[in-house]
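For reference, the structure is listed below as structure tokens.
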Amino acid sequence: MTFYKVRYLLILFILFFVASLVFIISGLANGLSMDNASSIKKINAESFFLDKDSENRIDRSKIKMGEISEDIFSANLQPLGVSMTSIGIEKSDKDIEVTLMAINSTSFLEPIIKEGKGFFNNKVNEVVLDASLKQEGIKIGQIVRDEKSGASLEVIGFTNEQTFSHTPVAFITFDTWKEINIEPFYSAIVVKNSTNSMEDISNKVNDGVWIEKDLVVKGIPGYEAEQNSLFMMLAFLIVIAVFVLAAFFYIMTIQKTNQFGILKAIGAKTAFLCKSTLLQVVILTIISLIAAVGFTWVIFLVLPEDIPFLFDPIQIAKFSGIIAIVSIFGSLLSTFNIIQADPIQAMGRME
């Protein structure tokens, strides 16, 4: 009896570790994805107009301001400036890499302010920072220095989870953008919903092209390579799980072939034995998945903040479904042994 309990415990542990590994890698993939592109993903936009030669990279796109009249911008259509730079803090020699994003105040591109205030006063040289920069000791009212232009910027607020290419985002207005850039430009024109103005912009700027938001996200440096690597790991992990679980369930039914034969001899139907085995697999899978979700939640709580990890219930539900299907598929292969179990041969062996 102890042998059978240990065997079930082993299957439980294998399912638990496979599921935990899948959930944790998925959490890291989602965390890295958000850390790389959250500022673009959070924009409620349909398309971006970029420079044709930028290869879908918004940080490389430069559209001359003079080519597009500001009168064309509306609540549905807004310009966006993107530039990588670093900022210095007063009384500190440390420089921090950030991504400057220029927006118009009160536009749909303005992030939700979690602390401080937004760009209500239209004053120049004000900046709203991602809250992760508070760990560097930056506070509201403090002056930071743009190392490229040497301009001093007053911190007026903080926003949450706004990063680009693994750097925190510093939002400024276009008035400030024009102050710190000798030749100011638009990195992109962002449209919330399709509008006739899109065609006007295409006609005025010959070297530009409209690109869907997903392609802009994929164009962020390192984003696609990073995500593809992690999802390849997940795919291989699931394939390995199929073979491991199928082998375990196969060996388990092989060891019970004589018992299945005896049960058939005393009147048990093959369908009943198959259903009974599948029910055991389903129960083991559910227990393992619940334990793995709990374990992943604990990992999410104890991980340091500088490790990007996202506990996404929807993604976990999807992978749970895949693991459940894989487990059931693996157990189905072993039902052939149940079907082939011979009662007469089993009785002979028992004698």
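The values are calculated or read from the model by the stated rules, or taken from the named source; none is laboratory data. Only a predicted model underlies this, so the values are computations on that prediction, with no experimental measurement involved. Ideal geometry is used to build each Cβ from the backbone, glycine not excepted, and the neighbour counts take in all protein chains shown. To get the accessible areas, we keep the full protein, side chains included, count just its heavy atoms, and leave off ligands, DNA and RNA. Shrake-Rupley method; radii C 1.70, N 1.55, O 1.52, S 1.80 Å.
Below 8 Å, C-alpha to C-alpha, sequence gap of six or more: please give me the relative contact order for region 26-101 in percent.
Result for region 26-101 is 17 percent.
Can you give the % of DSSP beta bridges in the chain that are antiparallel, to the nearest 5?
80
Measure of size requested: the Rg and Dmax of the chain, with Cα atoms as the atom set and Å as the unit; please supply both.
Every Cα atom of the chain included, Rg and Dmax give 29.0, 96 Å.
Using DSSP to define loop residues, name the GluC sites (Glu not before Pro) in region 53-137 whose beta-carbon has at most 15 other beta-carbon atoms within 10 Å.
Those satisfying the criteria are E55, E90.
Hey, which lysines would be in cross-link range of K264, C-alpha to C-alpha under 17 Å, not counting anything within fewer than 8 residues on its own chain?
K264 reaches K256, K275.
How would you classify region 47-128 from its alpha-carbon gyration tensor, with a ≥ b ≥ c the square roots of the eigenvalues: rounded for a/c under 1.5, else prolate if a/b is greater than b/c, otherwise oblate?
The shape class here is oblate.
Treating only the Cβ of Lys, Arg, Asp and Glu as charged (+1, +1, -1, -1), what charge dipole size does the chain show about its Cα centre? Round to the nearest 20 debye.
2140
Two decimals is fine: what is log10 I(q)/I(0) at q = 0.15, 0.26, 0.27 Å⁻¹ for region 1-86, from a Debye sum with one equal scatterer on every Cα and no solvent?
After summing over all Cα pairs, the log10 values are -0.77, -1.31, -1.34.
How high is the relative contact order of region 130-236? Use alpha-carbon pairs under 8 Å, at least six apart in sequence, and give a whole percent. Could the numbers behind the result be given before it?
Values: 59 pairs, mean separation 21.3, N = 107.
Dividing the mean separation by the residue count of region 130-236 yields 20 percent.
Counting only protein heavy atoms and using a 1.4 Å probe, what share of the accessible area of region 165-289 belongs to carbon plus sulfur, as a whole percent?
Details: 3930 of 6390 Å².
Result for region 165-289: 62 percent of the exposed heavy-atom area is carbon or sulfur.
So what's the back-of-envelope 222 nm ellipticity for the chain, counting only DSSP H runs of four-plus at -39500 (n - 2.57) apiece and dividing by all residues, rounded to 500?
Working: 9 runs with 172 residues, N = 351.
Counting only the DSSP helices, I get -17000 deg cm²/dmol.
If R0 is 30 Å, what FRET efficiency do you get for E70 and S92 from their C-beta distance, rounded to 0.05?
E between E70 and S92, to the nearest 0.05, is 0.20.
Is there a pair in K94/K117; K91/K134; K123/K178; K64/K148 whose C-alpha atoms are over 23 Å apart, and which pairs would that be?
In this structure, K94/K117 lie more than 23 Å apart at Cα.
Counting other Cβ atoms within 10 Å of each Cβ, which chymotrypsin sites (Phe, Trp or Tyr not before Pro) in region 267-351 have at most 12 and sit in a DSSP loop?
Answer in residue order: no site qualifies.
Within region 254-351, list the trypsin sites (Lys or Arg not before Pro) lying in a DSSP loop whose Cβ has at most 11 other Cβ atoms in a 10 Å radius.
Here the trypsin sites (Lys or Arg not before Pro) that fit, given the DSSP loop and packing criteria, are K269.
Quote the Stokes-Einstein diffusion coefficient, in whole µm² s⁻¹, for region 77-197, based on the Kirkwood radius over alpha carbon pairs, a temperature of 10 °C and a viscosity of 1.306 mPa s.
110
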